[in-house]
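Here is the structure we will look at.
The values are calculated or read from the model by the stated rules, or taken from the named source; none is laboratory data. Given the structure is predicted, the values throughout are model-derived calculations rather than measurements. Neighbour counts run over all protein chains shown; Cβ positions are idealised from the backbone, glycine included. Each accessible area value is taken on the protein alone, full model and side chains, heavy atoms only, with ligands, DNA and RNA left out. Shrake-Rupley method; radii C 1.70, N 1.55, O 1.52, S 1.80 Å.
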Amino acid sequence: DSGVTQTPKHLITATGQRVTLRCSPRSGDLSVYWYQQSLDQGLQFLIQYYNGEERAKGNILERFSAQQFPDLHSELNLSSLELGDSALYFCASSPRLAGETQYFGPGTRLLVL
Amino acid sequence: AQSVAQPEDQVNVAEGNPLTVKCTYSVSGNPYLFWYVQYPNRGLQFLLKYITGDNLVKGSYGFEAEFNKSQTSFHLKKPSALVSDSALYFCAVRDLMNTGFQKLVFGTGTRLLVSP
């Protein structure tokens, strides 16, 4: 168990809908990262937050957004969902220092029908 | 841009035999390299990392990795494979962003199948 929790574990929804994925980082970790794992794209970095502020963006679609709250949990919001958004979404956390390890949650498996 | 390559989609090995999962890297500057393992329906679990120091890095579950600067490789190894080692293995490299923070760039993954 990495100490990173993600809810829900599974999510099934329809095209055009909006969903929210939740992540709680390890105790004491200030950085939260979101990654998407899909069959065609592999593991891709989406976005990073540190202590409530967005710090870096990767290959994140404009239909996707995220935030980190004062208690450091983070939410990834996916809207106007398309079939191609079906994927496993991982959250990871780490302390601030460079070179540190990112610890991953169990992921949320999203299926868009 | 930082990148890693995992040249093998799948590695097959018999239980008790040594295993190697290959990874090569392309970076500017000093590489920070990681190995993660993903079991079915599970998240990514950290195995080990190389930042600096000894070229042989020891990690979890008896795994180790050898950093080779001249060959730009970071192969994952285990002296004696277990059936329970069957999983998907990812090599990753740190990409230090202009914000000072890091993201991980992953390889495509190698499926390890250990037969009894």
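Shown in residue order for the range A:69-75 are the 3J(HN,Hα) couplings computed by the Karplus curve 6.51 cos²θ - 1.76 cosθ + 1.60 at θ = phi - 60°: 8, x, 7, 6, 6, 10, 10 Hz (x for Gly and Pro). Extent along the principal axes, Cα only, for chain A: 39, 28, 26 Å, with the longest axis given first. Each of A:SER31, A:GLN68, A:SER2 was placed along the dipole of chain A (beta-carbon charges, centred on the mean Cα), and the one lying farthest toward the positive end is A:SER2. The accessible surface of the range A:1-98, taken with every protein chain in place and a 1.4 Å probe, is 47 percent carbon and sulfur.
When only the Cβ of Lys, Arg, Asp and Glu is charged (+1, +1, -1, -1), the dipole of chain B relative to its Cα centre reaches about 200 debye.
Heavy-atom surface analysis with a 1.4 Å probe gives the range B:7-116 a carbon and sulfur content of 48 percent of its accessible area. Near A:GLN48: Cβ cut-off under 9 Å, other residues only, Lys/Arg at +1 and Asp/Glu at -1. The net charge is +2. In order along the range A:14-21, the Karplus-derived 3J(HN,Hα) couplings, from 6.51 cos²θ - 1.76 cosθ + 1.60 at θ = phi - 60°, round to 10, 4, x, 7, 10, 9, 10, 9 Hz, and Gly and Pro are given as x.
Counting only protein chain heavy atoms and rolling a 1.4 Å probe, the accessible areas of B:SER73, B:SER60 rank, largest first, as B:SER60, B:SER73. When the other protein chains are added to the chain by itself, burial of at least 40 square angstrom of heavy-atom accessible area (probe 1.4 Å, ligands and nucleic acids ignored) affects these residues of the range A:46-62: A:ARG55. Each residue of the range B:109-116 was assigned a 3J(HN,Hα) from its phi angle through the Karplus expression (A = 6.51, B = -1.76, C = 1.60, θ = phi - 60°), giving x, 10, 8, 9, 10, 9, 9, x Hz with x at Gly and Pro.
The residues of chain A expose, per residue, 48 Å² of accessible area to a 1.4 Å probe.
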